[in-house]
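Q: Before we start, here is the structure in question, set down as structure tokens.
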Amino acid sequence: MQRQWRSLTFALAAGLCALTAAAVPLFASGATQMMIEYTISTQAKMPGMMSMFVHPSAQSETHYVSQTRERDDQGNTSQIVQCDLKRVIHVDNGAKTYYVLTFAQMKAMMDAQVQQYYQQMHQTPPPTPSPVGSPIQGSGGFTLSINTVNDPNTQQMFGMTAHHITETITGTSTGTGQCPNGSMSMTNDEWYVPTQITFSCPLPKPQIPAMPSNVPHGGGGAASNPCFGSFQLQASGKAHTEDRFALKQDTTLDLGFKITTHEEVTKYQMSPYDPSLFDVPAGYTQVQPPATLSGH
């Protein structure tokens, strides 16, 4: 399901991640409902010596997308999202079993997890206040640059005309004294087509409680860190459309060494909607969700 909404984000504390693509066009009233079936293969490439110790295996997933339902197949498991019924079905095709979580159950589970996290924060003794004057000697700033380049190049893929776009996100820190100087970047080289099926789904979102009152403000954030005394955001270029479906893309994370992830759609077709693909297969037995999911 994460491939349904294309999003390119940059997070320096946690790293960078690129995440994919998504479905989309409207059908005239009375027209035959359609669905998309596509298979996507993912392979990570590690640099130099790292490749001798880490060998990420290629992964393949098959997705079926309609206007109100979506199914993801990977290995022996399937996940079916039935937006019209507000529930998610997890299917074990090896054991021929399945369990169901409603959107309400999922939201309650997420709310409980968030609440537990915030309670732990509330119970944690606040850190000892820093002495007057920062222990960090120096000053600095951070610049986030986003550059989008469309070019006129096209490729014929699955009978469609795919367009080319490159997005580069770079974070640069500059500093004096103990404040660092350096940069990290992520580049996404993508061939895409306009999305063809609109998948609209009111997925549940957790409720974020108010910040506990005993959590100090400015106890370690940018406001108290002279190395982040300034922040600038720069953007250049613009995508032809944010509503696009990636057929092939290479995402490169540059941290002084480069890690590249190659994603490519190996099968893509539109066909009339098949309701059997978006429901529990005949003969499967319903089981209870795992305790970690049911909250028991």
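Q: By per-residue mean of other Cβ atoms within 10 Å, what is the highest-first order of 267-276, 109-118? Mind dumping the intermediate values first?
A: On the way: 267-276: 11.8, 109-118: 13.7.
Those peptides, ordered most packed to least, come out 109-118, 267-276.
Q: What nm value, rounded to one decimal, do you get for the distance between V287 and Y99 when each label is placed 7 Å out toward the C-beta?
A: Between V287 and Y99, the simple spin-label model gives 0.8 nm.
Q: Follow-up question, since we're still on this one. How far apart, in nanometres, would the label points at A235 and I136 be if each is projected 7 angstrom from Cα along the Cα-to-Cβ direction?
A: 2.6 nm
Q: Lysines within cross-link reach of K238: Cα-Cα under 30 Å, excluding same-chain residues under 8 positions apart?
A: Filter leaves K45, K205, K248, K258, K267.
Q: For T154 and N181 in one chain, what is 0.36 nm times their gap in residues minus the Cα-Cα distance, to one decimal in nm? It would help to have the intermediate numbers written out before the result.
A: Values: separation 27, 0.36 × 27 = 9.72 nm, distance 3.88 nm.
Full extension from T154 to N181 adds 5.8 nm.
The numbers here are math on the coordinates, done by the rules we state, and not lab data. Model, not experiment: these values are computed from the prediction. Neighbour counts run over all protein chains shown; Cβ positions are idealised from the backbone, glycine included.
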